[in-house]
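Q: My structure is below; once you've seen it, I'll send some questions.
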Amino acid sequence: MALQSSWLLVALLLLPGCNALNPLCGSARPSPSLGSISPTTMVFSSLPPSFVLTATGGHFVASSVIVFNNNDLATTVVSSSELTANVTSAMIPGTGSFKVVVKTPSGNSGNLGCSSGGTSGAQTLTVN
């Protein structure tokens, strides 16, 4: 029985990725996915002093943040699939395309073979 237990422990330690079979990944956070943002376009001459940017996707957790044009925003987690944050007009110096991603920090310390956190693919807010 001791030999079987030893092999089970070795198998658990060598399992890649985070799943129910790997207890060492308990604090791992999934990588966020960003499906869409709202709004997607705005007119520079009509920008309000601030507006709410909504990010819709998946795997959002309490520590997920919206990153607008390389700036972390104070983010409200509405659900595991929706985030909101205020963007001020001062963050938009002129017309152009502004990159939006969602970032979730890693939940693990050390390399246990668990993927944890990360940055989503980008969406673009276009300001004409």
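Q: R0 = 25 Å: FRET efficiency of S45 with S81, Cβ-based, nearest 0.05?
A: 0.15
Q: Can you check what the net charge comes to around V67, using other residues whose Cβ is under 12 Å from the Cβ of V67 (Lys, Arg +1; Asp, Glu -1)?
A: Result for the neighbourhood of V67: +1.
Q: Now for a different question. From largest to smallest, what semi-axes in whole angstrom does the range 38-105 give when each is the square root of 5 times an eigenvalue of its alpha carbon gyration tensor?
A: Whole-Å semi-axes of the equivalent ellipsoid: 22, 11, 10.
Laboratory data are not the source of any read-out in this text; all were calculated from the coordinates shown. Owing to the predicted nature of the structure, the values given are computational and were not obtained by experimental measurement. As a convention, Cβ positions derive from the backbone with ideal geometry for all residues, glycine included, and neighbour counts pool all protein chains shown.
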